[in-house]
Amino acid sequence: MPPLGGKIASLRVGPDELLQTPLNPYAARTRTMAFSEGDASGWDECLPSVAGCTLKTETGSITVPDHGDLWRVPWQVLNATEDSATLRANCFSLPLQMTRSLLLSQRPSGWQLQLLYSLTNLGAYCVPWSWAAHPLFAVDTSDRVILPNSIRSLAIEGSSGDYLGARGETVKWPQARTFPRGETDLSLTHDAHRSTGDKLFAGPLTPSDNWAALERKRLGLRLTVHFDPVLTPYLGLWLCYGGWPDGDGKKQVCVALEPSTAPVDSLALTGPWSRSLEPGETCTWPMELRIERMPIHKG
């Protein structure tokens with residue numbers, strides 16, 4: 001959907017939709033609306049920040065809105081075929097331009113969606129930035145999230161009602177303690193009655209920790225996100241089972257596997273992960289989604 005932030009609105013295998021369906025009707029976005037006021041579905045790109053924030057630059061103070069700029073603006077289609085597309089969009093809070101190329105191909109075990117990102121500083125001053133992919137994968141109860149064996153703990157960015165703990169604390173993976181004295185297997189998914197929403201981060205990751213997977217047992221599919229930890233060294237996990245958005249209305253039931261440049265959502269929070277581009281500088285990084293068939297679970 002180029003007019004709506006370049007969103008990947010649908011990813012289907014036969015009749016089965018793999019992405020979170022819209023919570024609200026598709027509509028034009030403003031520069032200040034909350035992400036929850038939109039459709040809150042599909043696959044967007046978060047740049048130059050996931051969380052809304054205010055920060056100082058060489059030209060003064062700027063404000064980045066919730067989930068960044070790019071899901072709010074029309075993207076230009078540079079080229080498109082039946083199995084590929086290249087789109088481009090400009091941020092408005094910072095002078096950044098992103099180009100994203102996609103190539104869909106068939107493999108013996110299923111399908112592969114390759115993505116290549118390119119980011120350029122169009123401005124005349126050094127620009128800070130952070131990026132996270134935002135694919136919201138639909139889930140059924142007791143689907144399974146699989147991470148590399150070396151990942152034993154995750155940092156908490158946010159947890160509804162401090163279910164897993166407060167921001168900045170860590171939680172074990174996959175068996176985690178819950179508030180006040182419970183325990184849960186974070187690798188197993190739930191339905192909307194769970195009423196939880198947790199954002200967690202793994203990393204910095206080693207070069208071999210370059211994937212994360214979601215097994216959709218009812219569909220007999222394994223969805224694996226591959227990325228380059230040298231270029232995008234963190235993995236965000238959004239585990240939402242009816243716990244967001246706040247208030248009345250439809251709720252997300254999804255898992256997001258989010259290769260990221262930072263272990264925090266806000267660009268205003270700095271650390272060894274912080275990045276910037278000099279005027280005219282460009283950087284690129286890849287990402288890949290593999291959709292593979294596996295034995296269908298019965299029972």
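The values are calculated or read from the model by the stated rules, or taken from the named source; none is laboratory data. For clarity, every value in this text was computed on a predicted model and none was experimentally measured. Heads up, the Cβs are rebuilt from the backbone with ideal geometry, glycines too, and the neighbour counts pull from every protein chain shown.
Computed values, structure above
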{"read-out": "Any hit, segment 189-208, residues being hydroxyl-bearing (Ser, Thr, Tyr), in contact (Cβ under 8 Å) with a residue 60 or more places away in the chain and farther than 15 Å from residue 257 by Cα", "value": "yes"}
{"read-out": "Restricting segment 117-138 to residues that are of a type in the set (A, V, I, L, M, F, W, C) and within 15 Å of the chain's Cα centre (by Cα), the residue that is farthest from residue 256 (Cα to Cα)", "value": "131"}
{"read-out": "Subset tally (residues that are at pLDDT 95 or above, not hydrophobic (A, V, I, L, M, F, W, C) and not in a strand (DSSP E or B)) for segment 169-192", "value": "6"}
{"read-out": "Residue match in segment 207-229 (condition: among the polar types (S, T, N, Q), under 19 Å from residue 284 (Cα atoms) and more than 14 Å from the chain's Cα centre (by Cα))", "value": "yes"}
{"read-out": "Whichever residue in segment 145-168 is among the hydroxyl-bearing types (Ser, Thr, Tyr) and within 20 Å of the chain's Cα centre (by Cα) and, among such residues, is modelled with the lowest pLDDT", "value": "160"}
{"read-out": "Single residue of segment 257-279 satisfying the filter (closer than 12 Å to residue 131 by Cβ and under 18 Å from the mean Cα position of the chain (by Cα)) that is surrounded by the most Cβ atoms within 10 Å (Cβ to Cβ)", "value": "259"}
{"read-out": "Qualifying residue in segment 211-231 (condition: at positive phi, hydroxyl-bearing (Ser, Thr, Tyr) and in contact with a strand residue (DSSP E or B) (Cβ under 7 Å, 6 or more places away or on another chain))", "value": "no"}
{"read-out": "Elements of type strands (runs of 3 or more DSSP E) in segment 1-119, at least 3 residues being free of Cβ contacts under 8 Å to residues at least 60 places away in the same chain and buried (at least 16 other Cβ atoms within 10 Å of the Cβ)", "value": "84-90, 96-107"}
{"read-out": "Qualifying residue in segment 63-70 (condition: over 18 Å from the mean Cα position of the chain (by Cα), among the hydroxyl-bearing types (Ser, Thr, Tyr) and closer than 27 Å to residue 220 by Cβ)", "value": "no"}
{"read-out": "Residues of segment 24-43 that turn out to be over 20 Å from residue 242 (Cα atoms) and of a type outside the set (Phe, Trp, Tyr), as a count", "value": "7"}
{"read-out": "Pairs, first closer than 13 Å to residue 21 by Cα in segment 127-142, second of a type in the set (Val, Ile, Thr), C-beta under 6 Å, six or more apart", "value": "137/255; 139/189; 139/255"}
{"read-out": "Residues being among the aliphatic types (A, V, I, L, M), buried (at least 18 other Cβ atoms within 10 Å of the Cβ) and under 20 Å from the mean Cα position of the chain (by Cα) - total across segment 172-198", "value": "1"}
